[in-house]
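Before any comments, here is the structure.
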Amino acid sequence: MSIKKNKNQLIISVLVGLAIFIITYLFVVEQYEKNAKQEELIKKLTQSAEIYAMNPENTTFYVVAKRDLPKDYVIKEEDIEMKYLEMKINGACTNSKLAIGAKTSVETKKGRPIILKDIVAKEDPASGDEPKPGFRAVAATVAANKIPPFVKDNTYLDVYTAQSTFQASNVRVLKVADTTNKANKLIIFEIKEEDVGPFINGMTTDKLIPVQKNSNDETEYSFSYDPFKYSSYVVTNEELEKEAKASETVSEPVNEQTYTVPAVNTAPRQKNIETVEIIQGSVVKTVDF
């Protein structure tokens, strides 16, 4: 019995030892793999940092397809992502706004960058020279040294004036053209219909100062002006008639009662008038001269 019992204890000890060995081995392997991955990641980051330090334009973020994109497919926001790549890719898209809404002209595989020549940009209804409905095209001559260097057709600016006559945000530039005077440029602005009057007033009485905005800034059109420097108030015919009726009669208290008497016309007489009575028999006539 003792031999059999010792044999069983031996087997159990061997199995326990083997289990401990297996667990320890798996733990060691797992730690080794983690360390190896960390070392590989550190090595890649170090190499990337060295590459970037030597040639920073070769490394950037690109727009990459999150799934396979078939030909003639309109790209949605959820179809793409910005991803860091360690090499420069000529012609690759770096702005997601350029890709969203564009149509693919070729198939793009998952994980591949979006190439600009392989997409057809979405049509901009306001890309022509004609202003949008509800807007007007207003031409203004601006000193060339006041215009930022990157202003061109179909860009958006903020427009200020030197004396704060008005302030406009996100104003579309329909066209920029040269003038006979090299010191000036002709800029055609797209201004909302109700803002044309204050804009022209500020343009003629003040100096326009265009301010370049970042193309990625998403702001809406806005226009504000100083009402003391420009007034668009017009007196209507109804207001004139109401004022005339109010001056026809005047209510005055007489003996604790209110009577309506004709208003006295205090306007100066245009000429002196003399009254003469002419008596012919029993008839008396009054004549004014």
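The values are calculated or read from the model by the stated rules, or taken from the named source; none is laboratory data. Everything quoted here is computed from the prediction, not taken from an experiment. Using ideal geometry, Cβ is built from the backbone for each residue, glycine included, and neighbour counts are taken over all protein chains shown. Accessible surface is based on the protein model in full, side chains and every heavy atom, while ligands, DNA and RNA are left aside. Shrake-Rupley method; radii C 1.70, N 1.55, O 1.52, S 1.80 Å.
Among the residues of region 155-167, which ones are within 18 Å of ILE200 (Cβ to Cβ) and not in a loop (DSSP other than H, G, I, E, B)?
LEU157, VAL159, TYR160, THR161, PHE166, GLN167
In region 135-154, how many are farther than 12 Å from PRO210 by Cα and assigned to a strand (DSSP E or B)?
5
Which condition does TYR221 not pass, out of (1) open to solvent by less than 30 Å² (accessible area, probe 1.4 Å); (2) within 22 Å of the chain's Cα centre (by Cα), if it passes all the others?
Single failed check for TYR221: (1).
Scan region 75-89 and tell me whether some residue there is within 20 Å of ASN214 (Cβ to Cβ), β-branched (Val, Ile, Thr) and touching a Lys or Arg at 6+ places or on another chain (Cβ under 9 Å).
No: region 75-89 contains no residue that is within 20 Å of ASN214 (Cβ to Cβ), β-branched (Val, Ile, Thr) and touching a Lys or Arg at 6+ places or on another chain (Cβ under 9 Å).
So which residues in region 122-135 are modelled with pLDDT of 55 or more, open to solvent by 70 Å² or more (accessible area, probe 1.4 Å) and either more than 18 Å from the chain's Cα centre (by Cα) or of a type outside the set (D, E, K, R) (or both), if there are any at all?
LYS122, ASP129, GLU130, PRO133
Out of THR165, THR155, report the one residue that is within 22 Å of GLY101 (Cα to Cα), surrounded by 14 or more Cβ atoms within 10 Å (Cβ to Cβ) and touching a residue at least 60 places away in the same chain (Cβ under 8 Å).
Step by step, each of THR165, THR155 is checked, and only THR155 is within 22 Å of GLY101 (Cα to Cα), surrounded by 14 or more Cβ atoms within 10 Å (Cβ to Cβ) and touching a residue at least 60 places away in the same chain (Cβ under 8 Å).
Give the residue, chosen from GLU50, GLU40, that is in a helix (DSSP H, G or I), within 46 Å of the chain's Cα centre (by Cα) and either within 30 Å of ASP118 (Cα to Cα) or at pLDDT below 65 (or both).
GLU50
When you check ILE23 against the structure, is it part of a helix (DSSP H, G or I), at pLDDT 85 or above and not hydroxyl-bearing (Ser, Thr, Tyr), yes or no?
Yes: the conditions hold for ILE23.
Filter region 169-187 for residues that are in a loop (DSSP other than H, G, I, E, B) and of a type outside the set (D, E, K, R); which is surrounded by the fewest Cβ atoms within 10 Å (Cβ to Cβ)?
THR180
Right, ASP79: in contact with a Leu (Cβ under 7 Å, 6 or more places away or on another chain), over 25 Å from TYR221 (Cα atoms) and surrounded by 12 or more Cβ atoms within 10 Å (Cβ to Cβ) or not?
When the stated conditions are applied, ASP79 passes them.
Report the residue count in region 196-219 for those that are in a helix (DSSP H, G or I) and of a type outside the set (Ser, Thr, Tyr).
Result for region 196-219: 8.
State which residue pairs qualify: first residue among the polar types (S, T, N, Q) and inside region 181-204, second residue open to solvent by 60 Å² or more (accessible area, probe 1.4 Å) in any location, beta carbons under 9 Å apart, and separation of 6 or more residues or different chains.
The qualifying pairs are ASN181/THR141; ASN184/THR141; ASN184/ASP178; ASN201/TYR225; ASN201/LYS229.
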